[in-house]
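Taking it in order: structure first as C-alpha cells, then the write-up.
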Amino acid sequence: MLDNNLNSPSGAAEDGRDRPRQSQSAETRPLTDREVPLGRTSGMSAELHAWLDGELPESSVRKAELSRDVELWSRVNAETARRRQLKTPAHLQASIMAALPQVAPQPATPWFEREIVVTPMTAIASVVGIAAVAATITAIVVNNGR
C-alpha cells in the first residue's frame, strides 16, 4: 500500500505533480490552528485534595496559587447543594407514569421451549462437524492404546 504524503512541505505530491502551495506559513496561522497550553497540567495539589475530603479547613488552602481552585470548588459545592433541593414537577411525574404500559410485559420464552429451525445447510454442517469430532476422538484413543 502506498503511503502518500499529502502534507509535503515542498508542495509536491508523491507522484511528482505540483500542488498549490498554502498561502500561510506555520507561524502566521490563526491561533485556533495551534496547540494552546492549558496551564498547570500536574493535577490538583495534595492540600486541595485534603480540603475537598474534609481533612483541612478552607483557610489553610486559601493561598495565592490555590485561591482560584478553592473558589471553583466552592461554587461547584454550592451548585450541587442547590440542585439537590430541586423537586420534579408534578406534571412531569404524571406524564412519565402515563407513558408506562398498563399491562406488564410478558417474559421471554425460555430457550428450551423455543422452536428450532434447521436449514439443510445447518444440518449438513452439523453432521460433518460431529463426524470430524468423532474421528478425532477415535484417532486419539487408538494412538494412546498402542
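Observations
- Residue-span extension gain [Met44 to Lys63] - 0.36 nm each, minus C-alpha spacing: 5.5 nm
- Length available on full extension from Val127 to Thr80: 0.36 nm per residue minus the Cα-Cα distance, which gives 10.5 nm.
- Taking amide H as placed 1.01 Å from N in the peptide plane, Leu56 has its amide H under 5 Å from the amide H of Trp51, each at least 5 places away in sequence or on another chain.
FYI, it's all coordinate maths here, none of it is from the lab. Because the structure is predicted, anything quoted here is derived from the model rather than measured.
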